[in-house]
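In what follows, a single structure is set out as structure tokens and then discussed.
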């Protein structure tokens, strides 16, 4: 009887917490226009609970009150739930595949367009820019880097990196196929490093929601390898259909993992490397 009562009490607490999360996400969307409602609940719940501990709060409802009534808390929550920022060339093997995939795909195209969807900060975007420059593609390639949050968008447009990160990233850059000196692609001032202006100017940072917005252009490559693991099943399928509608024939798609047999438009793609989440659209 005692064990049964304990289990019933635990289930009630869990159900209440799930309801609180739904209400918090709805409040964030209605009040600030940022939509996390279609995200998978496991990782999202862990990040919310970490935010509770950091603010010494007891309940999700307490967090909701602060989100709605205390300046800056909503922005802090968006940062907590967003993709964690990546360092330059943080996955050399994956970056090497990106280098090969984009090089082979974009060279025959006169004015290629690349969509970097929900990047993990400027580290991912600047890695892509350097890679394209080394493949002699950047001068004629337009990169669209989109984020769902205006706050994160502003941060990305004005971002810099600690200068010491360049030295730390040099070995990763070399492992990805880079043959030069990573620091040569940056200007350094006051201990902070920024990508050279001639490379930054080819990146168009824009507000765009993968959750609600429609296709906005046709692209020769789409890369989205960070945020998809956070999405729930329905949202993931919605985004895969969006990418299919936005990708040109024979364009490259880079995802977080291999497509499953039941995934949207899976029959329209061909593996690029025999494994992993790299594809070419063939129909």
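All of the numbers you see were taken from the coordinates with simple rules; none came from a lab. No experiment lies behind these values; they were computed from the predicted model shown. Cβ placement follows ideal geometry from the backbone for every residue including glycine, while neighbour counts extend to all protein chains displayed.
Values computed for the structure shown
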| read-out | value |
| --- | --- |
| Equivalent ellipsoid semi-axes, the chain, via Cα gyration tensor eigenvalues times 5, rooted, Å | 36, 24, 17 |
| Helical mean residue ellipticity (222 nm; -39500 (n - 2.57) per DSSP H run of 4+; nearest 500) of the chain | -14500 deg cm²/dmol |
| Antiparallel content of DSSP bridges confined to the chain, in %, to 5 | 40 |
| In nm, spacing of pseudo-spin labels at residue 26 and residue 212 (7 Å Cα→C-beta vector) | 1.5 |
| Cβ-Cβ FRET estimate between residue 55 and residue 234, R0 fixed at 30 Å, reported to 0.05 | 0.50 |
| C-alpha center-to-center spacing [segment 180-252, segment 33-112] in angstrom | 14 |
| Between 0 and 90°, nearest 10: helix 233-246 axis offset from the chain longest Cα axis | 30 |
| Using alpha-carbon coordinates, inclination of helix 60-69 to the longest axis of the chain, degrees | 70 |
| Equivalent ellipsoid semi-axes, segment 2-81, via Cα gyration tensor eigenvalues times 5, rooted, Å | 25, 13, 11 |
| Computed lengthening from residue 250 to residue 104, 0.36 nm per intervening residue step minus Cα-Cα distance | 51.5 nm |
| Taking 220, 91, 271 and counting other C-beta atoms within 10 Å, the order from fewest to most | 271, 91, 220 |
| Cα gyration tensor shape for segment 102-201, rounded if a/c is under 1.5, else prolate or oblate | oblate |
| Residues 127, 95, sorted so that the one with the fewest Cβ neighbours within 10 Å comes first | 95, 127 |
| Rounded tilt (10° steps) of 2-32 against the dominant C-alpha axis of the chain | 50 |
| Segment residue 163-residue 46, length gained on full extension (0.36 nm per residue, minus Cα span) | 38.9 nm |
